[in-house]
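The structure under discussion appears below in the form of structure tokens.
Please treat every number below as a calculation from the coordinates, not as lab data. What you see is a predicted model; the values in this text were computed from it and never measured. Reconstructed Cβ throughout: ideal geometry from the backbone, glycine too, with neighbour counts over all protein chains shown.
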Amino acid sequence: MELRCLLLTLLASSTLKTSRALNLRSSEDMEFTFLLPSGGRECFYQTTAKDHSLEFEYQVIGEPNQDVGFVMVSPSGRRLAYDYRRSHAIHNVDVTEDGDYKLCFDNSFSTLTNKMLFFALVITGPTAIKDEDLIGEVITNRTVEFQLQDIKGKLDSLYSSLQRSRLIQLMLKNFNTRDQHLQDDNLWRVTFWSAVSILSILTVAGVQVYVLQSLFPKNTSC
């Protein structure tokens, strides 16, 4: 599927606080990876219509044991979701008002470490026909039009499920990447400290040999 993602960089009061606008239509999805600087805060805005469903998932990738803050705010300023220092989360929101929904990531508590973030956003439109209405219209009219609408509704539901499955697979891939980074980091630490231990053992052995030799000086003959 062709994804349409329009990123508009807005002028902010400082270089550590930026805002981006996302232009995502109904029944579409988007994945985005970006670098959140240390001490920084970045917000994204998505225009969504009423009666839609918004599914959002994010994950900190790269180095292990890293986390960020997150908040989702409605156009009226009501906080819909909030996370404090988490590395992964999933949020499902039923849109009850039209307007721009704000999604902000916060790394202000970390003054030294940049965070690489991945997030996925899926917007699902309202069901075209409810099951009760469909049954009534088919029984009354028995027209091909409503049968086609029924098929379209089923296909839309199937498409939405496939999109969620793809996002889950993508998140699992990111989990594997993070675990691989953790394994590489642990391997480096084990190798380094093993080398230090071997070097220490050899050094202590050499010192002991030298001390023993100094206790028993060699006899010299004239």
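Observations on the structure shown:
- Residues residue 81 and residue 152, FRET efficiency given R0 of 25 Å [Cβ-Cβ distance, rounded to 0.05]: 0.20
- If the Kirkwood radius is taken over C-alpha pairs of the range 66-130, then at 37 °C and 0.692 mPa s the Stokes-Einstein diffusion coefficient equals 239 µm²/s.
- Averaged over residues, the count of other Cβ atoms within 10 Å places the peptides 149-156, 51-58 in the sequence 51-58, 149-156, highest first.
- Under the Karplus curve 6.51 cos²θ - 1.76 cosθ + 1.60, θ = phi - 60°, whole-Hz ³J(HN,Hα) for the range 40-47, x wherever Gly or Pro sits: x, 9, 10, 10, 10, 10, 10, 7
- Label-to-label distance, nm, for residues given as residue 51 and residue 89 (7 Å Cα→Cβ offset): 3.0 nm
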